[in-house]
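The values are calculated or read from the model by the stated rules, or taken from the named source; none is laboratory data. Because the structure is a prediction, the values reported are computed rather than measured. Here the Cβ positions follow ideal geometry from the backbone for every residue, glycine too, while neighbour counts run over all protein chains shown. Just the protein is used for accessible areas: all its heavy atoms, side chains included, with ligands, DNA and RNA removed. Shrake-Rupley method; radii C 1.70, N 1.55, O 1.52, S 1.80 Å.
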Protein chains: 2
Amino acid sequence: MIRIGIYGYGNLGRGIESAIRQNSDMELVCVFTRRDPATLKLNTPGVSAVHVDDVLEYKDKIDVMILCGGSATDLPRQTPALCEHFCVIDSFDTHAKIPEHFAAVDSVAKANNKTAMISVGWDPGMFSLNRLYAGCILPDGKDYTFWGKGVSQGHSDAIRRIEGVMDAKQYTIPVEEALSAVRSGTEPELSTREKHKRECFVVAKAGADLERIEKEIKEMPNYFADYDTTVHFISAEELKRDHDGIPHGGFVIRTGKTGFNKENSHVIEYSLKLDSNPEFTASVIVAYVRAVARLYDKGDYGCKTVFDIPPALLSPKSAEELRAELL
Amino acid sequence: MIRIGIYGYGNLGRGIESAIRQNSDMELVCVFTRRDPATLKLNTPGVSAVHVDDVLEYKDKIDVMILCGGSATDLPRQTPALCEHFCVIDSFDTHAKIPEHFAAVDSVAKANNKTAMISVGWDPGMFSLNRLYAGCILPDGKDYTFWGKGVSQGHSDAIRRIEGVMDAKQYTIPVEEALSAVRSGTEPELSTREKHKRECFVVAKAGADLERIEKEIKEMPNYFADYDTTVHFISAEELKRDHDGIPHGGFVIRTGKTGFNKENSHVIEYSLKLDSNPEFTASVIVAYVRAVARLYDKGDYGCKTVFDIPPALLSPKSAEELRAELL
């Protein structure tokens, strides 16, 4: 059994708790929280919440610690700190800061003979892997990543900060014509506006100036100004009824040419359609927990990413079974 | 530079020759053939064909030997035999015999301190990898593989053996309704007939009984009897003009549930649309040649499959570059 600790109990932490149940070689030891542990209602009988201050008491009771905090401020601090005492895995997703985060975690992991993994999930994660594989197979080509249809938390939050807005949900949606153009193999250059559009469902406060809110959304720099954005004003009840989920997904497509005269075209496409973004991310992390535990057992220390992990290490099956059943 | 030998110069061998040009860290040393080398016209200036009898003269001049023979009779003999002297890679694709082939190659590779890879391509190969990854991420789910639209050499050959048939080309085509049903996440049980249909383009000899030929095709056990099959009689000119390529492709789809009450559904889909089946297979093999050469340099001997290879080993880029650019 792989003994797991969950560090942080938001959407991702609950997703991890649920995913562990689907893997019979794993066991949840406890959930660490900054809140008062007594206030946390877990979903796993017999497992309790523990305050983060007491985490070191679990040094020898946990094989892999899964960090479920945010990438902005939690993980850059928590992953290296916990790696001093535990094998760790996180879903750090600030793409531009990955090299820096990797270096920090790697040095602690190596100094303390621990195995760590960062940036595990679907993007970064499975999408990255597909960009890597497809790029190596078709060196003369171009790849494209589309996100959605799915909820962007950051964009929803940005709308909520506008005066007069009570609540909001924003969907990122790939533009169908752009997907078709990419799949045709013509390697189009696509602008930000051509690739994705944005759809917003907004609950306004009573008496708020809807026209102003819509204008502020559509003209918001970085978030909306470069996109075709649609704004729908709906009631709080409608938002709750129709937009309560956290779906997401997307497409990684690479097209490329082969042949002595580059006469043949190929399309490699990987896509995800997810009802729950945090539960799917959690499911990817939990599969990679198996790899972390196995690398640690072999004495393979330091920080890893999905690029470093032999795929067989994710599976509970033996190499023989995998070759016989899946190859 | 990775020095490569091509063993066998059919469609796959030519695909390898072409793929090597797209990878600046690789160099073709020579092509080995059972035919009279003087009769072979290669496409790479300065590279010559050599008779297979002289292969051992190249023991120290080749880093990885790529075997391009057939799975039925060539590879089961050639891969273990050549592995005594070379690091080897093949695209052995008789799924049921992979464990046996693996064992044979593995024991020779280990006894001679060589690194070998078998069953590299897209199925087995990239499709297998996607079955593995998706199955580990969504343990409560079901996966489906569809092939096509593409040319099946075996089925085309079977038609050509019918009396009165001059030439023929057979396409395997996934049934659109089956793909939709799978993507819906309902995990349907699909019969052979429900998953794929077959379309045949047949050139009949002058005066042949077309009705009998069509009947023989449609009733042929294993090959056609279990499928909805369409037969078109066309002229030799039309066959040459419209059906000269070797396109293929397909879909690996896994759907599965997550959540404490399995309330959320997810769809993972990987698809290929290939103008040239042998050139794409060759492109996958050439990417994995890089992994074979690197494992050999590290002293990691024995037989491997795509399941064993850390993805980063396929890339000419450094681990730092990959993390910064693709993760």
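Residues in region A:299-324 that are of a type in the set (D, E), more than 8 Å from every other protein chain (Cβ to nearest Cβ) and within 23 Å of B:T94 (Cβ to Cβ): 1 in all.
Hey, can you tell me all the residues within region A:85-106 that are of a type in the set (A, V, I, L, M) and either open to solvent by 10 Å² or more (accessible area, probe 1.4 Å) or within 17 Å of the chain's Cα centre (by Cα) (or both)?
Filtering region A:85-106 for residues of a type in the set (A, V, I, L, M) gives A:88-89, A:96, A:98, A:103-105.
Within region A:85-106, A:V88, A:I89, A:A96, A:I98, A:A103, A:A104 meet the criteria.
A:A72 meets each of the listed conditions (1) assigned to a loop (DSSP other than H, G, I, E, B); (2) closer than 24 Å to B:C136 by Cα apart from (2). Do we find that A:R294 is more than 9 Å from chain B (Cβ to nearest Cβ) and open to solvent by 10 Å² or more (accessible area, probe 1.4 Å) in this structure? Yes: the conditions hold for A:R294.
Within region B:10-47, the set of residues being within 14 Å of another protein chain (Cβ to nearest Cβ) and either assigned to a loop (DSSP other than H, G, I, E, B) or over 17 Å from B:S283 (Cα atoms) (or both) comprises B:R21, B:Q22, B:N23, B:S24, B:D25, B:K41, B:L42, B:N43, B:T44, B:P45, B:V47. Considering B:P247, B:P221, the condition of being more than 7 Å from every other protein chain (Cβ to nearest Cβ), at pLDDT below 95 and open to solvent by 30 Å² or more (accessible area, probe 1.4 Å) is satisfied by B:P221 alone.
If you go through region B:120-131 one residue at a time, do you hit one that is under 30 Å from B:D60 (Cβ atoms) and either without any contact (Cβ under 8 Å) to a residue 40 or more places away in the chain or more than 9 Å from chain A (Cβ to nearest Cβ) (or both)? Quick ask: steps written out before the conclusion?
To start, the set of residues in region B:120-131 that are under 30 Å from B:D60 (Cβ atoms) comprises B:120-121, B:125.
Still in the list and also either without any contact (Cβ under 8 Å) to a residue 40 or more places away in the chain or more than 9 Å from chain A (Cβ to nearest Cβ) (or both): B:120-121.
Taking every residue of region B:120-131 in turn, at least one turns out to be under 30 Å from B:D60 (Cβ atoms) and either without any contact (Cβ under 8 Å) to a residue 40 or more places away in the chain or more than 9 Å from chain A (Cβ to nearest Cβ) (or both).
Quick one: which residue in B:V31, B:V55 is open to solvent by less than 70 Å² (accessible area, probe 1.4 Å), under 27 Å from A:H266 (Cα atoms) and not small (G, A, S)?
Values: B:V55 fails: under 27 Å from A:H266 (Cα atoms).
The match here is B:V31.
Considering region A:110-142 alone, what residues qualify as being open to solvent by less than 20 Å² (accessible area, probe 1.4 Å) and touching an Asp or Glu at 6+ places or on another chain (Cβ under 9 Å)? If the condition is that a residue be open to solvent by less than 20 Å² (accessible area, probe 1.4 Å) and touching an Asp or Glu at 6+ places or on another chain (Cβ under 9 Å), then A:T115, A:A116, A:M117, A:I118, A:S119, A:V120, A:G121, A:P124, A:G125, A:N130, A:A134 are the ones that fit.
Screening region B:277-291 for residues that are within 7 Å of chain A (Cβ to nearest Cβ) and of a type in the set (G, A, S) and picking the one that is surrounded by the fewest Cβ atoms within 10 Å (Cβ to Cβ) gives B:A287.
Applying the condition of being within 25 Å of the chain's Cα centre (by Cα) and free of Cβ contacts under 8 Å to residues at least 60 places away in the same chain to region A:229-240 and asking which residue is surrounded by the fewest Cβ atoms within 10 Å (Cβ to Cβ) yields A:K240. Can A:V120 be described as among the β-branched types (V, I, T) and part of a loop (DSSP other than H, G, I, E, B)? Answer is yes for this residue. Selection of region A:90-117 for residues being assigned to a loop (DSSP other than H, G, I, E, B) and acidic (D, E) yields A:D90, A:D93.
Here is a yes/no grid of residues against (1) closer than 27 Å to B:A324 by Cβ; (2) of a type outside the set (V, I, T); (3) touching a Lys or Arg at 6+ places or on another chain (Cβ under 9 Å):
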site	(1), (2), (3)
A:L40	no, yes, no
A:L56	no, yes, no
A:V64	yes, no, yes
A:G70	yes, yes, no
A:C87	yes, yes, yes
A:S91	yes, yes, no
A:F102	yes, yes, yes
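A Cβ distance below 6 Å, combined with a sequence gap of six or more or placement on separate chains, defines the contacts here; from region A:253-273, residues that are more than 7 Å from every other protein chain (Cβ to nearest Cβ) reach residues that are of a type in the set (S, T, Y) in the pairs A:I253/A:Y144; A:K257/A:S265. Look through region A:171-195, keep the residues that are touching a helix residue (DSSP H, G or I) at 6+ places or on another chain (Cβ under 8 Å) and assigned to a strand (DSSP E or B), and return whichever of them is nearest to B:S271 (Cα to Cα). For region A:171-195, the residue satisfying everything is A:P174. Output the residues belonging to region A:260-276 that are farther than 29 Å from A:D167 by Cβ and crowded, with 19+ Cβ neighbours inside 10 Å. Listed by number, the residues that qualify are A:N264, A:S265, A:H266, A:V267, A:I268, A:E269, A:Y270, A:S271.
Among the residues of region B:58-84, write down those that are open to solvent by 50 Å² or more (accessible area, probe 1.4 Å) and under 28 Å from B:A96 (Cβ atoms).
B:A72, B:T73, B:P76, B:R77, B:A81, B:E84
Reported count of residues in region A:162-198, each being within 14 Å of chain B (Cβ to nearest Cβ) and touching a strand residue (DSSP E or B) at 6+ places or on another chain (Cβ under 7 Å), is 4.
For B:D60, the stated conditions hold: it is out of contact with any Leu (no Cβ under 9 Å at 6 or more places or on another chain) and assigned to a loop (DSSP other than H, G, I, E, B).
No other residue among B:K240, B:K304 is touching a strand residue (DSSP E or B) at 6+ places or on another chain (Cβ under 8 Å), basic (K, R) and at pLDDT 95 or above apart from B:K304.
Confirm whether B:A158 is buried (at least 17 other Cβ atoms within 10 Å of the Cβ) and under 23 Å from B:D242 (Cα atoms).
Values: buried (at least 17 other Cβ atoms within 10 Å of the Cβ): yes; under 23 Å from B:D242 (Cα atoms): yes.
So B:A158 passes the test.
The residues of region A:53-112 that are in contact (Cβ under 8 Å) with a residue 40 or more places away in the chain, more than 14 Å from chain B (Cβ to nearest Cβ) and acidic (D, E), listed by number, are A:D63, A:D74.
Of everything in region B:206-218, what is surrounded by 12 or more Cβ atoms within 10 Å (Cβ to Cβ), in a helix (DSSP H, G or I) and not aliphatic (A, V, I, L, M)? Give them in sequence order.
Across region B:206-218, the qualifying residues are B:R212, B:E214, B:K215, B:E216, B:K218.
For B:G154, the test of being modelled with pLDDT under 95 and closer than 23 Å to B:D93 by Cβ is passed.
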